[in-house]
Structure formats: C-alpha cells, structure tokens
Amino acid sequence: MDGFQKKIRQSLQYRLSIWLAGCIIGVTLVGVALSFTHALHEANEFQDDQLRQIAALIDDHHLPLTPRDGEDVLVGDDDTRVVVQLLRSTQASTRDADYNFLHFPSGLPNGIQTITARGIVWRLFIKPLTSDMRIAVSQPIAVRDEIAQDSALRTLAPLLLLLPLLIVLIALLTKKMFAPVQRLALQLDRRDEQELGILDEKDLPLEIKPFVAAINRLLVRVERSASVHRRFIADAAHELRSPMTALSLQAERLAQTDLLPEAKIRVATLRQGIFRTQSLVNQLLTLARIQEQKHDHPIAISLQRAIRQVLEDLMPQVVHKKIDLGMNDSVDVHIMADEIELRILIKNLLDNAIRYTPAGGRIELELTMSQQHVRLEINDSGTGIAEQDRERVFDPFYRVLGNDENGSGLGLSIARMAARRIAASIELHHTHASPPHGLSVVIKFQRHHAAPNSV
C-alpha cells in the first residue's frame, strides 16, 4: 500500500487521473442532487395537474359519485389510488355524509392543499360544483412520493451508470496522452551508452517539448565532450605508436647482442613491457576507431568467411603456443552487420581465448543456427573466469587477479561494444564443470535469411 501511495504521489499521470476522476465525481454528485430535486418537484407538479384534470373531468361530464365505505379506499393498488368525494358548505344529510367517507372538514378552502385525515397525510384538490357543493380529489402523500421518487430515479439511472464508464475513459485517455512520453523513455532505456544522438520530438505534447529540447542540447554537449576525449585518446595512441615501434626494434637489436646473463634477463623484461604497451596502444586505437565508427547501413556478411579471415591473422599465435584449434564448418550463415565491427568482435574474443589458453591446449569453434538467431561458441581449455567476475571483465582495464598473461584489459570491453553496435550479445560460461573449467564464450547474432549482395 505504501508503494502504491508513493507511486501516486510521484506519478503525474496517476495524479491527473485521480484529480480528474474526483472532480467529475463531485460535479456529477452535485448534478445528481439537483436533477433529483428538480425531477421530484416536476413529478409532484404533474400529479397535482392530474388531480385538477380528474376534477375537471367529473365536473364537465357530470360523472356520478357512488358512496363508499371509508375503509375500502385505504386498500388496493397504491399507484392508482385517487379518491373523489363531495363536500357541502351547509349541514350535510346522512346520505351526503356517505360521500365524505374520509371526513374532510367542510370548511377547507378551494385549490391544492395538504391535510391529515384518518391518520393519513393527503394531497387534495377542492373545486366548487355549485354554491353549496364542492368536489375533493385526493391522493395519499406517501403514494405520491413513491411515484415521484421512482420517476426521479429512472431519470438519474443512466447518469449513474455512465459515471464508472466515464472514469475508466479518463484513465485510458490520460494513459494515451502520456504514451509518447513513455515511448521516449523506452527509447532512451534501450540506447547503448555510446549512443548520444538527439531525441525525436515528433508527436510529443507541447508541454514536454521544451524539456526534451533541453535534454537534446545536453546530449549534444555531452557528445561534443566525449568526441574530444575520444580524439585525444586516439591522437595520444597514434603518437605513441611510432616511438613504441622504435623502442621495440631497439630492444630486439639489443637482445641480439652479446650480453651478460643478468642483462639478458633485464632486456627480456623490457621487451615484455614494450610488447604489452604496444598491445595497449593498438587496443586504444581500436577502441577509438570503433567509437568513432558511423552507423552505416549494414550488409549481409558470411560469418564463416569473417571467422576464417580473423584466424589467418591470429594463426601465428596459435602455432607459437601449439594450440589445437578446431572449427565446425558444416554450416554457413549470413548476418547483417558492419564488416569492420564484426571482425573486431571476433578477433578480440579469439585473441582472448588464444592468450589465456595454455600452451598445448585446445580451442573449439562451433557455429549453429536457429530460426531467428545464429550462435557462435568459442570454447577454450584455460582456467576460465569465475562467475562473480564475468560482468566485471567487460569493464575497461579490468583484469582478473592472479593472471600473468600479457594484456591491456580492453579486449572484452571492445568486444562488447562491437557486439552492441551490430545487435549481438555475449555470454560467458564454463566449458567444463570440473577444473580447469575453461571459458565458453557464446555470441548470438540476428539471423539474416536472404543473402543478396553479401560479402
């Protein structure tokens, strides 16, 4: 209940719906009360006119009045109970008294009035017939009120029945009015963190557009700032590439000279550091490249062909570590992607598998497909990644503790960024249940069924 109340306090849609519903209910209740009072008054006026019309009918047609027992008129159908009797201004005879069976006082004035006789409240109309003879047309007040209330309630019934429908319509219309805002929120929620394009202001309410325009201006400033930082990283990495290459060549030449054993160990450490720095520079250049890459129209690419091109580049590392690398090439599929981003994705994941698979180990690539997805699985025989680290390893520069392999900590981060740009996903699992667990990397692509103009 507390959560619901908090949601109502914070939600403009809920507050607007509740206030509108409350106002409509309040106005409707006032209208119902006024309508009921007016309808009740009109029904009573109509029944008074009926008494007048009955009196006029008896007078015009000289209809005879039959003496009745006073108890007879107190029973029967309430809806039709109208009592007509004679009243004399002079002393009435015994026979005439039979006509005044309700014992109305003879001195009552002419016209519409309300009196009590025999313990019952009556509404009666008195009209003179002759100088000493009058006619009284009467009806019990209780009967009249029941008829008037039924008539008034029948008038109000449609309004009361339509009130819940009106409240539901208000809620639905309010939700529909806020639908563009909800779509905008969903669009923002689905964006990648690198996507800083402006928001679409089309179909937004005028009251929301200034707020969205301010967000767009902020996104433009953030994109400009991020672009400056990306260019700085790219320029710095590019400037470092040449001196690092020169240092690598000098260290290699130094290693080929006759050195003392201790000096050779230091040169080997130096070369290892230079190689690691070169790897970092190359990864930074790749990161800057993929961040600056424009979202061009993707094309249909053969996944088998892209994998083989990456393997050609990485094969020297495979041979150097004597890794048994196998691939299931029974199927070939096409996916819609940017070719450069796809190769960066596959290369970083395969390079990571080769780097962390021990010498003499095994890497298996398996390509399968379903009706909607293409699944590329890379299984290695390394130590694997603990479950608690599987999300952290995608952070830039994060490396699992206790790992001595050369690396920059950017490979998986770049791979996830490339995967998101081509609408793919990456999952990490253990290859085996028992140690060494190995790492199983599963990449899921959207399947492209037709392959015209494919690469």
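Each value in this text was obtained by applying a stated rule to the coordinates, not by laboratory testing. Here the structure is a predicted model, which is why all the values come from computation and not from measurement. Here Cβ is always computed from backbone atoms with ideal geometry, including for glycine, and neighbour counts include all displayed protein chains.
Got the relative contact order for the stretch 297-455 handy, in percent, Cα pairs under 8 Å and 6 or more residues apart? About 29 percent, as a whole number.
Counting beta carbons within 10 Å around each of Ser242, Ser248 and listing the fewest first gives the order Ser242, Ser248. Value of Rg to Rh for the stretch 183-292, rounded to two decimals, is 1.33; Kirkwood radius and Rg both from alpha-carbon coordinates.
In this structure, Ala423 and Val222 have a Cβ-Cβ separation that, at R0 = 25 Å, corresponds to a calculated FRET efficiency of about 0.60.
For the listed peptides 195-205, 340-350, a ranking on the average number of other beta carbons within 10 Å per residue, highest first, reads 340-350, 195-205. Computed extension length for Arg362-Glu262: 32.5 nm, one decimal, from 0.36 nm per residue of separation with the Cα-Cα distance subtracted. For the stretch 243-361, averaging the sequence separation of C-alpha pairs within contact (under 8 Å, six or more residues apart) and dividing by the residue count gives a relative contact order of 27 percent. With neighbours defined as other Cβ atoms within 10 Å of a residue's Cβ, the residues Thr155, Thr257 order from fewest to most as Thr257, Thr155. Here the simple spin-label model places points 7 Å from the Cα toward Cβ, and for Met133 and Arg191 these points are separated by 9.8 nm. Distance from the alpha carbon centroid of the stretch 199-246 to that of the stretch 147-170 works out to 59 angstrom.
If the chain linking Ala171 and Arg271 were pulled fully straight, counting 0.36 nm for each residue of separation and taking away their Cα-Cα distance, it would gain 29.0 nm. Close amide-amide hydrogen proximity is noted between Val333 and Leu303, Gln304, each under 5 Å apart and 5 or more residues distant or on a separate chain (H modeled in the peptide plane; Pro and chain starts excluded). If we count every other residue with Cβ under 9 angstrom of Met369's Cβ, Lys/Arg +1 and Asp/Glu -1, where does the sum land? Spelling it out: positives minus negatives among the neighbours equals +2. Computed from label points 7 Å out along Cα-Cβ, the spacing between Leu108 and Trp19 is 5.8 nm. Counted by neighbouring Cβ atoms within 10 Å, the residues Phe397, Phe275 run from fewest to most as Phe397, Phe275. Among 118-124, 265-271, the peptide with the highest mean count of other Cβ atoms within 10 Å heads the list, and the full ranking is 118-124, 265-271. Each Lys and Arg contributes +1 and each Asp and Glu -1, all at the Cβ; summed about the Cα centre of the stretch 183-292, the dipole is approximately 240 debye. For the stretch 297-455, the mean projected area of the C-alpha convex hull, equal to one quarter of the hull surface, is 9.3 nm².
A Förster radius of 51 Å, combined with the Cβ-Cβ distance separating Leu161 from His373, puts the computed FRET efficiency at roughly 0.45. Relative contact order, whole percent, for the stretch 159-278 stands at 18, derived from Cα pairs under 8 Å and 6 or more residues apart.
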